[in-house]
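Step one of this worksheet: look at the structure below.
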Amino acid sequence: MFQHSDRPARSRRVYRNPCLTTLQRLPALSLATGLTLATAVPAAQGAPAAAEPFKVANIHFETNASACDMGIQIKFDTEGVTRGSVRDPNGHKVYSFRSTAGMRRTGGQTEGFLEGVEPQIPELVSALGCEPSTDEGTLPLADLLDTWPAGNYTFEGQSKESKSSGQAMLTHLIPAGPEVTAPADGTELPAATPVVIDWNPVTEPILPDLGPVNVVGYHVIVEEAGGEVTPSLDVDLSSNESSLTVPSQFLRPATVYRFEVLSTEESGNQTITEGFFCTADVADCVVPD
């Protein structure tokens with residue numbers, strides 16, 4: 001950077017480089033050609049590499065038909081990125097992350113899963129008869145859907161070596177929760193025998209305006225109630241199955257078990273129905289708060 005000085009200028013001895021003098025005598029056409037080649041080579045060498053596709057990029061709504069709440073879930077899987085973002089169809093950034101310290105030095109993050117707050121939806125409370133709750137607040141359905149517009153969501157990630165990109169489609173097609181036919185809530189069953197969880201196939205949306213739907217499978221989770229870490233049974237089933245047998249080896253006497261049956265729409269949107277049962281000799285067949 002040149003700096004201004006108030007000191008008087010001094011005469012300088014000029015050294016003429018013979019090579020430079022020769023270069024100055026070259027025809028203008030040769031100089032232009034040389035410059036063209038010099039700029040073209042770095043451009044070709046510096047062409048950016050194509051972004052690697054995300055191995056998994058998913059965004060969907062999860063709805064609880066037993067509690068009448070609803071929220072968004074996002075999942076991704078990569079080879080490793082140190083920063084990333086998700087943008088909605090309008091280009092608005094809805095999520096971003098950056099790895100630091102040890103996470104960054106060891107290559108960054110490979111997988112991510114997050115879920116947003118699940119407010120209770122008044123329209124679902126009216127339609128399904130859920131008990132009103134203020135634990136997560138309430139939000140009109142139209143406001144939730146406006147906040148998360150249907151369309152393609154863009155996933156972007158970057159590491160020192162490469163960039164990653166992907167897209168996932170979010171829809172507003174929400175399936176109904178499975179109607180569980182057995183066991184009824186609070187049923188006390190022998191611990192030494194298998195328990196069969198039955199439900200009716202789901203063919204309709206949770207609300208008429210949120211269809212039509214195409215349910216492609218079910219997901220069932222069974223676990224001991226009350227406790228942060230308990231044994232659990234976690235099973236995916238095809239769309240033509242409507243029951244799951246819990247083996248007797250999984251069940252303990254005098255224990256409360258809670259379960260969830262989820263219907264999965266082809267877009268990835270899921271809806272839960274909750275239930276619970278107990279094994280013989282339990283002191284109180286209720287789900288702990």
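The values are calculated or read from the model by the stated rules, or taken from the named source; none is laboratory data. The structure displayed is predicted, hence computed values, not measured ones. FYI the Cβ positions are ideal-geometry reconstructions off the backbone, even for glycines, and counts take in every protein chain you see.
I'm trying to understand the selection: among the residues of the range 81-105, which are buried (at least 18 other Cβ atoms within 10 Å of the Cβ) and not polar (S, T, N, Q)? Step through it out loud before you land on a result.
Here is the first cut: in the range 81-105, the ones buried (at least 18 other Cβ atoms within 10 Å of the Cβ) are 81-82, 84, 86, 88, 95, 99.
Within the range 81-105, Val81, Gly84, Val86, Asp88, Tyr95 qualify.
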Inset, instruction - Among the residues of the range 150-207, write down those that are loosely packed, with under 15 Cβ neighbours inside 10 Å, over 21 Å from Ser239 (Cα atoms) and of a type in the set (Ser, Thr, Tyr). - result: Thr187, Thr193
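Residues Thr110, Thr171, Thr138: which one is more than 30 Å from Ala50 (Cα to Cα) and of a type in the set (S, T, N, Q)?
Just a single option satisfies the conditions, and that option is Thr138.
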Legend entry - Every pair of residues 6+ apart whose Cβ atoms lie under 6 Å, when the first sits in the range 206-220 and is not assigned by TED's automatic domain parsing to the domain that holds Ala142 while the second is among the charged types (D, E, K, R) and not in a strand (DSSP E or B): Asn214/Glu266; Val216/Glu266
Inset, instruction - For Thr230, indicate whether it is out of contact with any Ser or Thr (no Cβ under 6 Å at 6 or more places or on another chain), of a type in the set (Ser, Thr, Tyr) and farther than 13 Å from Val202 by Cβ. - result: yes
Legend entry - Residue tally, condition part of a helix (DSSP H, G or I) and modelled with pLDDT of 95 or more, over the range 104-146: 13
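For the range 81-103, which residues satisfy the criterion of being part of a loop (DSSP other than H, G, I, E, B) and β-branched (Val, Ile, Thr)? Steps first, please.
Taking the range 81-103 first, the residues part of a loop (DSSP other than H, G, I, E, B) are 82, 88-92, 99-100.
Matches in the range 81-103: Thr82, Thr100.
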Inset, instruction - Under 7 Å between Cβ atoms, at least 6 apart or on separate chains: pull out the pairs that start in the range 130-153 with a residue that is without any contact (Cβ under 8 Å) to a residue 40 or more places away in the chain and end on any residue that is in a loop (DSSP other than H, G, I, E, B) and of a type outside the set (Gly, Ala, Ser). - result: Gly137/Pro119; Thr138/Pro119; Leu139/Pro119; Leu139/Ile121; Leu145/His172
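Going by what's in this entry, would Pro119 be described as without any contact (Cβ under 8 Å) to a residue 60 or more places away in the chain and either out of contact with any strand residue (DSSP E or B) (no Cβ under 9 Å at 6 or more places or on another chain) or surrounded by 15 or more Cβ atoms within 10 Å (Cβ to Cβ) (or both)? Walk me through how you get there before you give the answer.
Details: without any contact (Cβ under 8 Å) to a residue 60 or more places away in the chain: yes; either out of contact with any strand residue (DSSP E or B) (no Cβ under 9 Å at 6 or more places or on another chain) or surrounded by 15 or more Cβ atoms within 10 Å (Cβ to Cβ) (or both): yes.
Yes; evaluated as a whole, the condition is true for this residue.
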Legend entry - Lys160, sole failed condition from (1) modelled with pLDDT of 95 or more; (2) closer than 30 Å to Thr100 by Cα; (3) out of contact with any Leu (no Cβ under 7 Å at 6 or more places or on another chain): (1)
Legend entry - Selected residue [under 21 Å from the mean Cα position of the chain (by Cα) and of a type in the set (D, E, K, R)] from Asp198, Asp146, Asp185: Asp146
